[in-house]
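See structure below.
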Amino acid sequence: MPEGDTIRRLADKISRHFAGQRCERCVTRDPRLVGVDLAGATLVSADAVGKHLFIRFDNGFTVHSHLRMTGSWTVGPLAREPEWRRRIELWMETGRLAGIDLPVVEVLATAHEAHVIGHLGPDLCGAELPDLDEAVDRMHRQPDDPLATALLDQRNVAGFGNFYAIEVPFIVGVSPNQRVGAIEGLQQLVGLGAALIRTSAERGPQNTTGRRLDTADHWIYARRGRPCPICAITLDGYEERDSPWRRVSVWCPDCQRVDSTRAVDGVRLNRLMALHPARRQPSFPRLHAPATSPSSESPKILGGC
Ligand SMILES: [Zn+2]
């Protein structure tokens with residue numbers, strides 16, 4: 001599923017291509033869009049809030065969509081998908097804009113956008129820095145939730161998907177199964193996630209290691225059953241059907257043990273993020289030493305991961 005950084009990049013791409021352009025022709029092929037015709041309207045801007053995409057027009061209407069697992073937008077060239085999958089297709093002055101297989105799509109009054117996003121927590125990839133205090137307060141309302149559940153709940157904080165719900169806990173040495181109410185340094189953990197996702201929104205692709213920054217590189221995502229890149233123990237995880245948060249998951253049973261309380265490991269965080277440009281983000285946690293490190297030794301990073 002696309003995460004907040006991907007939707008932010010998509011919104012920026014649509015704005016770059018088509019802001020200020022008139023829609024010359026509009027075709028809809030979706031019962032939720034019956035009667036919609038944006039021909040003659042000018043695209044003002046595209047914006048993202050969490051994983052929600054808003055494409056605004058000067059006639060006071062907005063195309064709102066959420067891509068979930070299946071949707072996509074083609075920006076510029078003619079979409080290759082069969083016509084019936086192009087739920088909305090707009091002929092702009094210099095190219096096409098087509099929404100493909102959109103699980104959520106509607107046209108609403110721009111003034112009513114808040115109705116569909118009012119429940120969301122702080123937006124990780126918005127123009128303003130997210131309010132980490134508020135995100136943590138919201139996560140603590142359900143203190144027994146596993147960490148991954150809390151990170152994925154868009155009412156807590158808007159934008160994280162499964163990629164960050166796996167990678168961020170690994171970097172700080174906390175299990176995705178750890179009760180969110182029993183984590184010391186939760187704000188630093190969320191701040192790290194915000195720094196990573198905002199870096200990706202600015203420069204893409206999703207990269208949590210800081211190596212080969214022009215490629216999607218990560219520590220353990222999709223690597224269940226392979227050796228941990230830090231301690232070489234076989235990575236554990238859930239299939240989607242077994243997961244309390246209904247997503248495939250991965251963690252290291254040694255680096256990310258579940259304890260009665262667990263602290264963010266600042267030594268590990270600094271070591272694993274030593275090369276990463278997310279360090280320059282304002283929300284990046286400034287931890288020179290952990291409050292209580294689960295490991296007395298600085299983690300050694302194994303090669304070949
Ligand atoms: Zn490990």
Would you work out the relative contact order for the stretch 1-157, in percent, from Cα pairs under 8 angstrom that are 6 or more residues apart?
-> 22
For every helix of n ≥ 4 consecutive DSSP H residues, a contribution of -39,500 (n - 2.57) applies; sum these over the chain, divide by its total residues, and give [θ] at 222 nm rounded to the nearest 500 deg cm²/dmol.
-> -6500 deg cm²/dmol
Diffing the stretch 259-275: the Karplus 3J(HN,Hα) column from phi (6.51, -1.76, 1.60, θ = phi - 60°), in whole Hz with x for Gly and Pro, holds 10, 4, 9, 9, 9, 4, 8, x, 5, 4, 4, 5, 5, 6, 9, 4, 9
Just the Cα atoms of the chain, one point each, no solvent: what log10 I(q)/I(0) does Debye give at q = 0.12 Å⁻¹?
-> -0.80
Could you give P(r) for the stretch 55-205, binned at 10 Å from zero, as whole percent values over all Cα-Cα pairs?
-> 10, 32, 30, 19, 8, 0
Mean-square fluctuation maximum in Gaussian network of the chain, Cα pairs under 10 Å, restricted to Ala232, Ala194, Ala182, hits Ala232
Amide H contacts under 5 Å for Phe61, restricted to residues at least 5 apart in sequence or on another chain and with H modeled in the peptide plane, are Thr110
Please state the equivalent ellipsoid semi-axes for the stretch 4-117: what are the square roots of 5 times the Cα gyration tensor eigenvalues, largest first, in whole Å?
-> 17, 16, 15
Can you list the HN-Hα couplings for the stretch 159-174, worked out from phi with the Karplus curve (6.51, -1.76, 1.60; θ = phi - 60°), rounded to whole Hz and with x for Gly and Pro?
-> x, 5, x, 5, 4, 6, 5, 9, 6, 5, x, 4, 4, 9, x, 10
Taking amide hydrogens as modeled 1.01 Å from N in the peptide plane, which residues meet the under 5 Å criterion relative to Ser45, leaving out close sequence neighbours?
-> Arg56
³J(HN,Hα), Karplus 6.51/-1.76/1.60, whole Hz, each residue of the stretch 109-124, x for Gly, Pro | 5, 3, 5, 9, 4, 4, 5, 9, 10, x, 7, 6, x, x, 7, 6
Among Pro253, Pro176, Pro77, which one moves the most in a GNM of the chain with springs linking Cα atoms closer than 10 Å?
-> Pro77
Which peptide among 40-48, 211-219 comes first, and what is the full order, when sorted by highest mean count of other Cβ atoms within 10 Å?
-> 40-48, 211-219
Coarse-grained scattering of the stretch 132-280 at q = 0.09, 0.13, 0.17, 0.18 Å⁻¹, given as base-10 log I(q)/I(0) from a Debye sum over alpha-carbon atoms = -0.24, -0.52, -0.93, -1.06
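Every read-out reported here was derived from the displayed coordinates using simple, explicitly stated rules and does not represent laboratory data. Worth saying up front: this structure is predicted, and the values here are computed from it rather than measured. Virtual Cβ from ideal backbone geometry, glycine too; neighbours counted across all protein chains shown.
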